[in-house]
Amino acid sequence: MGKSKRNSPKPDSNRAQKLAARRAEQEAAAQAVTRPFEGVAAECDLVALREFVPSATAVLKLAPGVAAEREVTLATVLPGAVAALVRAGDEPVGFVGTQVQFQSADPAADLAAAILWTQSATPGESLATASVGGAPLTEVLDPSASLDITVHQDFNWWVPAGVTPDPQVAATIEQANQAIMPSARLALGDAIGAAWWVDAGEKAHIRWVRPEDEDQLMLALARLHAAGDLHLGEGSRFAGSFRTHGLLVPVFDLDPERHASEWEAPAREFGAKLEAALKSDAPLTSDERRSRDGLRSRQVTLR
């Protein structure tokens with residue numbers, strides 16, 4: 001008896017298109033690199049700049065083996081969300097974006113390819129999509145170098161000083177400026193990871209990108225939660241966490257009336273408690289297990 005054709009979608013049907021799209025998503029997810037920026041000292045900041053920092057730049061320190069023809073500036077997003085561009089001038093400067101319109105399953109490879117492209121591109125050119133397959137990021141960037149980040153509260157840096165943009169570019173910048181949320185990187189001294197504050201209007205938030213193993217960090221957060229210490233003091237509460245690029249990012253809701261710098265001391269105190277909890281190898285108590293299960297239920301994964 002022949003197979004029923006009832007469940008076989010026509011090639012040009014909406015269902016066939018949805019199935020094809022789902023298969024493509026599954027294939028892309030299978031090829032995705034779990035922790036693309038691992039091995040780079042600036043891993044946590046690179047993740048933050050890719051995922052949620054609105055406007056920031058940092059001059060990159062390239063690896064010793066790279067023949068650097070011109071300076072390269074890392075940026076959260078470039079005009080048109082391109083992968084890279086070379087700004088013309090007496091000394092042309094390369095720019096590479098972390099928040100791009102088109103990307104592969106390996107954002108670190110994309111970034112490495114974009115950096116290398118800036119070294120030979122003609123001033124005034126832009127790169128819509130990076131072609132991966134070259135050197136890994138750890139051979140393009142100095143893997144031991146941190147990022148000296150400049151946080152901007154607008155996108156006016158898209159246009160060089162002394163240059164008047166045409167009306168269309170000026171309108172694009174104005175539109176982007178109106179949508180931006182005030183942000184800051186907390187100065188936490190030797191604290192691990194990268195903690196970023198943002199004023200979202202009714203609430204402010206701190207998103208703290210952490211480099212530890214996700215499971216170990218979750219256990220430490222559960223210990224603090226059970227002890228009533230999973231917060232940054234008065235005016236704060238733990239909102240949950242999200243996973244991205246192989247890292248766990250705890251998020252805290254904050255009183256928006258307080259300036260970002262006012263959270264630095266409480267964050268350092270919390271960081272010390274978290275470090276102590278991470279060092280504990282004692283079995284979880286029943287309260288801590290309940291806390292762990294509750295925290296996991298509030299966890300979101302970003303792709």
- Message: As I understand it, the dipole of the stretch 43-179 uses +1 on the Cβ of Lys and Arg and -1 on the Cβ of Asp and Glu, about the Cα centre. Which of Gly133, Val169, Thr98 lies farthest toward its positive end?
- Response: Val169
- Item | Rg to Rh, two decimals, where the stretch 183-301 supplies the alpha carbon set and Rh follows Kirkwood | 0.94
- Once phi for every residue in the stretch 159-165 is put through the Karplus expression 6.51 cos²θ - 1.76 cosθ + 1.60 (θ = phi - 60°), the whole-Hz ³J(HN,Hα) values, with Gly and Pro written as x, are 10, x, 4, x, 9, 9, x
- Message: Quick query: amide H of Val93 versus all other amide H atoms, modeled in the peptide plane; which residues come in under 5 Å with a sequence gap of 5 or more or a different chain?
- Response: Arg87
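So for Val169, Val300, Val132, fewest C-beta neighbours within 10 Å to most, what's the order? Present the calculation step by step, with values, prior to reporting the outcome.
Details: Val169 14, Val300 11, Val132 18.
Taking fewest neighbouring Cβ atoms as first place, the list is Val300, Val169, Val132.
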- Task: Any chance you could check the Cα centroid distance between the stretch 159-202 and the stretch 224-303 for me, in angstrom?
- Result: 26 Å
- Gly240 long-range amide H proximity, modeled H, under 5 Å: Val251
- What size of dipole, in debye to the nearest 20, comes out for the chain about its Cα centre when the only charges are +1 on Lys and Arg C-beta atoms and -1 on Asp and Glu C-beta atoms? 1880 debye
- Whole-Hz ³J(HN,Hα) from phi, Karplus 6.51 cos²θ - 1.76 cosθ + 1.60, for the stretch 81-94, glycine and proline x: 6, 6, 6, 6, 7, 10, 7, 6, x, 4, 10, x, 10, x
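Find out how many positive minus negative residues lie around Val251, taking Lys and Arg as positive, Asp and Glu as negative, among other residues whose Cβ is under 11 Å from that of Val251.
With Lys, Arg at +1 and Asp, Glu at -1, the net is +3.
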- Item | Sum of side-chain charges, Ala195 neighbourhood, beta-carbon under 11 Å (Lys, Arg +1; Asp, Glu -1) | +2
- Item | Residues Val53, Val82, sorted so that the one with the fewest Cβ neighbours within 10 Å comes first | Val82, Val53
- Query: Is the stretch 43-179 best put as rounded, prolate or oblate by its Cα gyration tensor, with a ≥ b ≥ c the root eigenvalues, rounded for a/c under 1.5, and otherwise prolate when a/b is larger than b/c, oblate when not?
  - Reply: prolate
- List the chymotrypsin sites (Phe, Trp or Tyr not before Pro) in the stretch 93-165 that DSSP assigns to loop (not H, G, I, E or B) and whose Cβ has at most 14 other Cβ atoms within 10 Å. Which are they? Phe102
- Query: When a footprinting reagent is the concern and you count Cβ atoms within 10 Å, what order do Met218, Met181 take, fewest first?
  - Reply: Met181, Met218
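Taken together, the values in this text are just the output of simple stated rules run on the coordinates, not laboratory data. This is a predicted model, so every value here is computed, not measured. Don't worry about glycine lacking a Cβ; one is built from the backbone with ideal geometry, like all the others, and counts go over all protein chains shown.
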